[in-house]
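A quick write-up on the structure given underneath.
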Ligand SMILES: Cc1cc2nc3c(=O)[nH]c(=O)nc-3n(C[C@H](O)[C@H](O)[C@H](O)COP(=O)(O)OP(=O)(O)OC[C@H]3O[C@@H](n4cnc5c(N)ncnc54)[C@H](O)[C@@H]3O)c2cc1C
């Protein structure tokens, strides 16, 4: 039997694993991390590589290690120019130094020893422990279980795009599995979305197919340095959030606090210059109707209409609680509480949903607030769970 089992080995689950090991919350042999992929952070690395994001949006103190300056120290020890590793006044790390730091951290704590490749589809309370069942029927017993499944397995498809896909249209979501393998034609490409993923994708394709790329966004480019006000990282905004007892109200606060579909200023400048150079066309409009005619996609917009060979969706992820389908029997049997939005109601101090059952990331949003899904949210969630074991 394991002491701790973490379901999901992304940013959230791997941060908690690091905190548990480094804070002596458990040993690597008493820890299991279950994830369908072959290694930690597989989904993070896949998504960020797909969009060719050179630098993270978050600052250098947001990483997976316990010491806030660990990433900076790692970069200094590595040598080379610091400007190659960090960008701008907030020292945003390059994706490569961030990922290297994660890999070196995982080697240090020997994380792979706790890695179990598989997908969980059942969770049952048996006597005083949890029984975790993986697809293929393998079972694992654990005293504590942490749900750290993120949203990245749930790419969001607009209704019109799903309908055209069924008819055979060449439409992909950038975060679908094996997405790039299907983009073979040399024709025009329309990228749908206005957030950071859409912008990175549009810039990438504007270099690959200059003059043949359109970026279709519903709103003018919105610029914000971060994806929410930095006040949410500390007591400035979190104090009043914690005083709100109505969870519907908390959900509204979270929705309003996120600068959805926003990008840092330097990306806006890159889009503008790609436009000026004729590599990329920016269209601010809305799809009102979509058709698939003679192997061409026709998008009827409010102001105009466009024809294209290929549509690439950068429309984010579904916001439904990850894992909610296979968790439903557990929710009913163990009488676990959920808010009207479907998300878990968990304890403020330890993120505990049921006896020895904890949540992280998206699932901890109603307590951790607007940054919960991010790296800073992972740090805060891990800190809470680990601290609660020391009381
Ligand atoms: C392009 C991009 C750039 C970003 N940049 C930043 C940034 O600069 N700074 C920042 O703070 N945040 C950033 N984010 C946001 C955030 O940090 C990530 O979305 C983060 O990866 C979420 O981590 P996670 O662990 O919750 O989810 P995931 O990465 O989705 O990992 C969860 C894992 O759980 C697995 N899983 C799901 N269901 C099961 C199951 N039933 N059984 C077992 N395993 C399961 C999944 O397969 C996955 O491997 C960015 C996101 C994207 C997409």
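Where a number appears in this text, it was derived from the coordinates with a stated rule and is not lab data. Everything numeric in this text was worked out from a predicted model, so none of it was measured. Cβ atoms come from the backbone with ideal geometry, glycine included; neighbour counts cover every protein chain shown.
Taking the 0 to 90 degree range and rounding to the nearest ten, how far is the long axis of helix 375-390 tilted relative to the main principal axis of the chain, both from C-alpha atoms? Orientation of helix 375-390: about 10 degrees from the principal axis. The angle between the Cα long axis of helix 247-257 and the main principal axis of the chain comes to about 40°, on a 0 to 90 degree scale.
Report the FRET efficiency, 1/(1 + (r/R0)^6), for residue 162 and residue 272, where r is their Cβ-Cβ distance and R0 is 30 Å, rounded to 0.05.
Numbers: r = 32 Å, r/R0 = 1.08.
Working from the Cβ atoms, E equals 0.40.
Pairs of C-alpha atoms in the chain farther apart than 34 Å represent 33 percent of all such pairs. Taking the number of Cβ atoms within 10 Å of each Cβ as an exposure proxy, the fewest-first ranking of 219, 85 is 219, 85. Once the Cα atoms are used to define both axes, helix 324-333 deviates from the longest principal axis of the chain by about 30 degrees.
Report the gain in length on full extension from residue 124 to residue 349: 0.36 nm times residue separation, minus Cα-Cα distance, nm rounded to one decimal. If you can, show how the numbers build up before the last one.
Numbers: separation 225, 0.36 × 225 = 81.00 nm, distance 2.42 nm.
Here the answer is 78.6 nm.
Using the scaling law 2.2 N^0.38 Å as the reference, what is the normalised Cα Rg of the range 247-320? Write down the numbers at each step before the final one.
On the way: Rg = 16.9 Å, N = 74, 2.2 N^0.38 = 11.3 Å.
With N residues counted in the range 247-320, Rg over 2.2 N^0.38 Å equals 1.49.
Comparing Cα centroids, the range 1-41 and the range 205-278 end up 30 angstrom apart.
Give, in whole angstrom and from largest to smallest, the semi-axes √(5λ) of the equivalent ellipsoid of the range 128-214, with λ running over the eigenvalues of the Cα gyration tensor.
Values: eigenvalues 291, 49, 30 Å².
For the range 128-214, the ellipsoid semi-axes come out as 38, 16, 12 Å.
Could you list 209, 92 so that the one with the fewest beta carbons within 10 Å of its beta carbon is first and the one with the most is last?
On the way: 209 18, 92 23.
Fewest-to-most ranking of 209, 92: 209, 92.
Panel values: the range 230-353, Kirkwood radius from alpha carbon pairs, Stokes-Einstein at 37 °C and 0.692 mPa s, translational diffusion coefficient 169 µm²/s.
If you wrap the range 39-133's Cα atoms in a convex hull and average its projection over all directions, what's the area in nm²? Each step should come with its number before you reach the end.
On the way: hull surface 33.1 nm².
Over all viewing directions, the range 39-133 projects a mean Cα-hull area of 8.3 nm².
One Cα centroid belongs to the range 354-391, the other to the range 302-323; the line between them spans 31 Å. In terms of surrounding Cβ atoms within a 10 Å radius of their Cβ, 279, 23, 391 rank from fewest to most as 391, 23, 279. Convex hull volume of the Cα atoms of the range 190-246, normalised per residue: 112 Å³.
Ellipticity at 222 nm from helices only: DSSP H runs of n ≥ 4 in the chain, each -39500 (n - 2.57), divided by the residue count, give -10000 deg cm²/dmol.
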